[in-house]
Amino acid sequence: MIRLVVNAEEFGATPAGDRDTLRAHRDGVVTSTSILGNCEDIGRVCSALSEAPLLGTGLSLALIGGAPIAKVEEIPGLLSADGKLRTSPAAFAIDWFRNLISPEQVEREMEAQIIRAVTVGLPIDHLCTRGHLGFLPGVGQILERVARRHGIVGIRTSVESPTLAWFADPRRGIEAGILGGLSWLTRKRLGSLRHGPQTWGYLESGRLDEVRIIEIIGRLTPGAHELICHPAPPTDGTNESRELRALTSTKVKTALDRRGIVLCRWRDLF
């Protein structure tokens, strides 16, 4: 059997993005979403998700971008001069490897984001990290530790095998190769929660089209898989993004049916 989670990233980042995610769930193949851990308005997120009771929900823990959830005096090493989290994965990774970021402070911020989500009643069935920082050795172990503490069984740990897309765009291919190497190193150090579906879409999330989704569907082997997507409002003046059209496409649905692929949520995998 092939099971596939189609997971929309960073729910809560913008109202418009949330609307597109809900439409891709209602009219398309999206089965799950990762709520941005430090989203500004958690109440609005809860209200929006109440419209989609069958949509799986996880948490994308943010160590970059925006304001922290923990008290700033408890996590000074995570903050830039403006009192907010670093702006890019590269900036975080460089300082992490230079030992300028305390693991204890990373854990405090992750813990604060999870507690806030759980306190407002959001059911969390998986954890991932914004910018895929959970693949950094050391950060992955912290992620597993807080997941186990809160009884969250799913954490994103794997990267798709190399495809022709990696070579068609060398820059993105190098990025994916680095992610793959880091995820392999991190998985070797994880314990009981190192399991997770084979994840696809690191290169194309936000830019998926029908052709690429159908190509991924054709590569899926028996077992559990995840496709990352990021429905977002278009910037070119059109009514909907190419990715949203692909996620609600009849051709994509037909391709899934022909292969007998079962769409599911993270919670259905364990």
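Worth pointing out:
- Residue check, Ser32 closer than 21 Å to Ala117 by Cβ, crowded, with 22+ Cβ neighbours inside 10 Å and hydroxyl-bearing (Ser, Thr, Tyr): yes
Here is a yes/no grid of residues against (1) under 16 Å from Cys264 (Cα atoms); (2) not in a strand (DSSP E or B):
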| residue | (1), (2) |
| --- | --- |
| Asn7 | yes, no |
| Arg23 | no, yes |
| Gly28 | yes, yes |
| Glu40 | no, yes |
| Leu54 | yes, yes |
| Ala70 | no, yes |
| Glu73 | no, yes |
| Gly77 | no, yes |
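- Test for Cys46: is it under 16 Å from Ala13 (Cβ atoms), in a loop (DSSP other than H, G, I, E, B) and either under 19 Å from the mean Cα position of the chain (by Cα) or at pLDDT below 95 (or both): no
- Filter result (over 17 Å from the mean Cα position of the chain (by Cα), at pLDDT 65 or above and outside any loop (DSSP other than H, G, I, E, B)) within segment 188-205: Arg189
- Each residue in segment 91-112 was checked for being touching a helix residue (DSSP H, G or I) at 6+ places or on another chain (Cβ under 9 Å), assigned to a helix (DSSP H, G or I) and within 15 Å of Gly131 (Cβ to Cβ), and 7 pass.
- When residues of segment 206-234 are limited to those that are of a type outside the set (D, E, K, R), closer than 22 Å to Thr33 by Cα and part of a loop (DSSP other than H, G, I, E, B), the one modelled with the lowest pLDDT: Pro234
Quick grid of which residues meet (1) in contact with a helix residue (DSSP H, G or I) (Cβ under 7 Å, 6 or more places away or on another chain); (2) farther than 19 Å from Leu247 by Cβ:
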site: Asn7; (1), (2): no, no
site: Thr14; (1), (2): no, no
site: Val30; (1), (2): yes, no
site: Gly43; (1), (2): no, yes
site: Ala52; (1), (2): yes, no
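- Among the residues of segment 54-68, some residue qualifies, meaning at least one is within 23 Å of Val146 (Cα to Cα) and of a type in the set (S, T, N, Q).
- Counting residues in segment 86-96 that are crowded, with 16+ Cβ neighbours inside 10 Å and over 20 Å from the mean Cα position of the chain (by Cα) gives one or more.
- Of the residues making up segment 97-134, just one is of a type in the set (A, V, I, L, M), loosely packed, with under 15 Cβ neighbours inside 10 Å and over 29 Å from Ser50 (Cα atoms), namely Leu100.
- Residue in segment 137-144 that is on the phi > 0 side of the Ramachandran plot, in a helix (DSSP H, G or I) and within 17 Å of the chain's Cα centre (by Cα) present: no
The values are calculated or read from the model by the stated rules, or taken from the named source; none is laboratory data. Bear in mind the structure is a predicted one, so any value in this text is a computation, not a measurement. Positions of Cβ are generated from backbone atoms using ideal geometry, with glycine treated the same way; all protein chains shown enter the neighbour counts.
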